[in-house]
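K.L.:
Quick one: the structure is below, questions incoming.
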Amino acid sequence: MKKLKKADIILAMCLIIAAFALFITFYLFKTSGKKVIVRQNNKTVYSGLLSNDNQINLKHNTVVIKDNKAYMKCADCKNQICVKTGKISKSGETVVCLPNKVIIEIE
């Protein structure tokens, strides 16, 4: 087994610090979204302002927009990952239901 050299440790620490800095930057500086888009089978089924409360009932899913947040209220898929994702409100965030091909996206 080879010993770690001083340069290896310094490189590893620099990479960890850079990764942490990028994570903090993206997390802290995300802007609040203004628009929500709901797609099913690559077709837009709803597009509107995040500030307008609404409920979109699809065949297998229910999407709720309330209090400037969007979330998957219920879905008939087995794993329920989309429901467990929770509420989204920042630009670039998404909730995806792969079995039913539904995507909620914040812009």
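The values are calculated or read from the model by the stated rules, or taken from the named source; none is laboratory data. None of these values were measured; they are calculated from a predicted model. Reconstructed Cβ throughout: ideal geometry from the backbone, glycine too, with neighbour counts over all protein chains shown. Please note that ligands, DNA and RNA were not included when accessible areas were found on the heavy atoms of the full protein model with its side chains. Shrake-Rupley method; radii C 1.70, N 1.55, O 1.52, S 1.80 Å.
K.L.:
What is the packing order of peptides 37-47, 3-13, taking the mean over residues of other C-beta atoms within 10 Å and listing the highest first?
P.N.:
Highest mean packing first, the order is 37-47, 3-13.
K.L.:
Now for a different question. Quick one: which residues, 5+ away or cross-chain, put their amide H under 5 Å from the amide H of L50? H built at 1.01 Å from N.
P.N.:
K35, V36
K.L.:
Still on this structure, I have one more. Suppose all protein chains stay in the model; what accessible area per residue would a 1.4 Å probe give for the chain, in Å²?
P.N.:
74
K.L.:
List, largest first, the extents of the alpha carbons of the chain along their principal axes, each in whole Å.
P.N.:
Each principal axis gives a Cα extent; for the chain these are 59, 31, 21 Å.
K.L.:
While we're on this one: Under a 5 Å amide H to amide H cut-off, with H placed in plane at 1.01 Å, what residues pair with E93 once short-range neighbours are removed?
P.N.:
I106
K.L.:
Here is a further query. Each residue of region 4-9 in order: what ³J(HN,Hα) in whole Hz does its phi give by Karplus 6.51 cos²θ - 1.76 cosθ + 1.60, θ = phi - 60°, with x for Gly and Pro?
P.N.:
Ordered by residue, 3J(HN,Hα) equals 6, 8, 4, 5, 5, 5 Hz.
K.L.:
Okay, next question. Residue-wise, which Karplus ³J(HN,Hα) couplings in Hz belong to region 35-51, taking 6.51 cos²θ - 1.76 cosθ + 1.60, θ = phi - 60°, and x for glycine or proline?
P.N.:
10, 10, 10, 10, 10, 9, 6, 6, 10, 6, 9, 7, 9, x, 6, 5, 7
K.L.:
Using a 1.4 angstrom probe on heavy atoms only, work out the carbon and sulfur share of the accessible area of region 1-41 in %.
P.N.:
Here carbon and sulfur together make up 74 percent of the probe-accessible area.
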